[in-house]
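Below is one structure, written out as structure tokens, with a few remarks after it.
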Amino acid sequence: MRVLVIGGGQNAEHEVSLASAAAVAGALRSGGHDVSEVTITPEGVWRVPGQRDATTAVASLASALPLLAEVDVVFPAVHGPLGEDGALAAVCALAGVRVVGSGPRAGAIGMDKWATKLVAQAAGLRVARGRLMEAADIGDAEFDGPVVVKPVSAGSSYGVGLAREEGDLAGALREAARFDRRILIEEIVRGREIDVAVLREARGVRWAAPPLEIETSGLFDTATKYDGTARFTVPARLTPGEQSALSRAALTMFDALGCAGVARMDFFLTDDGPILNEVNTMPGLTAASQVPRMFAAADVAYVDLVDRLVRAAEVPGR
Ligand SMILES: Nc1ncnc2c1ncn2[C@@H]1O[C@H](COP(=O)(O)OP(=O)(O)O)[C@@H](O)[C@H]1O
Ligand SMILES: [Mg+2]
């Protein structure tokens, strides 16, 4: 198939997306696909190899759009806002082009940690108690116990911090406010961090790969995510009961949002069972990222995984 891989993007996860896109493009080529690539700069300029660089986002988008007419599938390997949030899937939906991963609705809700919690609760899953705050109101914030503070819409732990005591709260709120004007203040959950990846195959069958455990002491922060010190155990050591509760919860969430392609559902496993933390509808996709490692544990090699993703791609909204 002719596949257009989009990487980069206009948020803090730009570099992470470049790594995902490069790995996906390489794997697709190994799988025999005809791959072209586009990079979106942090300023929103679409860079097409071999084309003279347009200087504005709108001019570059106009000159990149004809590429959509020349491919069978678009693979938007862009994490975070204006990518994973459904923005790129929406362009494909308007153009009537097949796209890998979730459509605009699931992408938008999954990118919003508050909306995700509301859907999860309605679907019968447990989530951490939390409240919303507008960045403009952070001067009025009152400390009512240790909390985790995070932007409603971000990723790679950017802007996520702990406020253990009153003196930490204002700084944590200001840091979160750098990434979103909506801020989530959550109770601290104590539990093992376990991620579950769900894949929706070409004929609509959904299945969960063996869960992965992240070994961290404290927050799984940006440095730990990318400095090579994070330890993943896959398959996670779980009782059959824990494993089935986690997989069931992940599949319930995948269907509640109407996800497609692959999504990673991140949980805390507590003594009382799983608590959903967040959903990633375009998770990290290098061969060393969590999702490919979980599918490798299910004997789906990386090249096979990206191949299944392009075969399962659909025009959103149909
Ligand atoms: N309510 C919470 N209680 C305890 N730890 C948390 C909580 N929320 C987030 N964390 C920690 O912070 C990390 C990043 O938060 P997360 O919500 O997953 O943001 P991101 O989308 O940036 O990955 C998590 O992997 C976890 O280690
Ligand atoms: Mg996370």
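The values are calculated or read from the model by the stated rules, or taken from the named source; none is laboratory data. All values derive from a computational prediction rather than experimental measurement. In this analysis, Cβ positions are derived from the backbone assuming ideal geometry, glycine residues included, and neighbour counts consider all displayed protein chains.
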Unique residue being over 19 Å from residue 158 (Cα atoms), under 14 Å from the mean Cα position of the chain (by Cα) and either surrounded by 20 or more Cβ atoms within 10 Å (Cβ to Cβ) or aliphatic (A, V, I, L, M) (or both) when the list is 12, 21, 27:
21
Residue 315 being under 29 Å from residue 87 (Cα atoms), buried (at least 20 other Cβ atoms within 10 Å of the Cβ) and away from ligand 1 (no atom under 15 Å from the Cβ):
no
Would you check which residues across region 74-93 are buried (at least 24 other Cβ atoms within 10 Å of the Cβ), among the small types (Gly, Ala, Ser) and outside any loop (DSSP other than H, G, I, E, B) and list them?
89
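So is residue 235 outside any helix (DSSP H, G or I), outside the structural domain of residue 33 (by TED's automatic domain parsing) and at negative phi or not?
Details: outside any helix (DSSP H, G or I): yes; outside the structural domain of residue 33 (by TED's automatic domain parsing): yes; at negative phi: yes.
So residue 235 fits the description; yes.
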Some residue of region 272-292 being under 23 Å from residue 111 (Cα atoms), within 14 Å of ligand 2 (Cβ to nearest atom) and over 16 Å from the mean Cα position of the chain (by Cα):
yes
Only one of 139, 159, 171, 145 is closer than 28 Å to residue 272 by Cβ and small (Gly, Ala, Ser); which?
145
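Would you check if there is a residue in region 2-11 being more than 24 Å from residue 226 (Cα to Cα), at pLDDT 95 or above and in a helix (DSSP H, G or I)? Outline the logic, then answer.
Step one: filter region 2-11 for residues more than 24 Å from residue 226 (Cα to Cα), giving 2-4.
Those left that are additionally at pLDDT 95 or above: 2-4.
Restricting the remaining residues to those that are in a helix (DSSP H, G or I) gives none.
Checked against the condition, which is being more than 24 Å from residue 226 (Cα to Cα), at pLDDT 95 or above and in a helix (DSSP H, G or I), region 2-11 yields no hits at all.
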Residue ID - nearest to ligand 1 (Cβ to nearest atom), chosen from residues in region 248-307 that are out of contact with any strand residue (DSSP E or B) (no Cβ under 7 Å at 6 or more places or on another chain) and of a type in the set (Val, Ile, Thr)
270
Conditions (1) at pLDDT 95 or above; (2) under 27 Å from residue 16 (Cα atoms); (3) within 16 Å of ligand 2 (Cβ to nearest atom); (4) touching a helix residue (DSSP H, G or I) at 6+ places or on another chain (Cβ under 8 Å): number failed by residue 158
(1)
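Do we have residue 267 as part of a helix (DSSP H, G or I), modelled with pLDDT of 95 or more, under 15 Å from the mean Cα position of the chain (by Cα) and under 23 Å from residue 150 (Cβ atoms) here?
Details: part of a helix (DSSP H, G or I): no; modelled with pLDDT of 95 or more: yes; under 15 Å from the mean Cα position of the chain (by Cα): yes; under 23 Å from residue 150 (Cβ atoms): yes.
So residue 267 fails the test.
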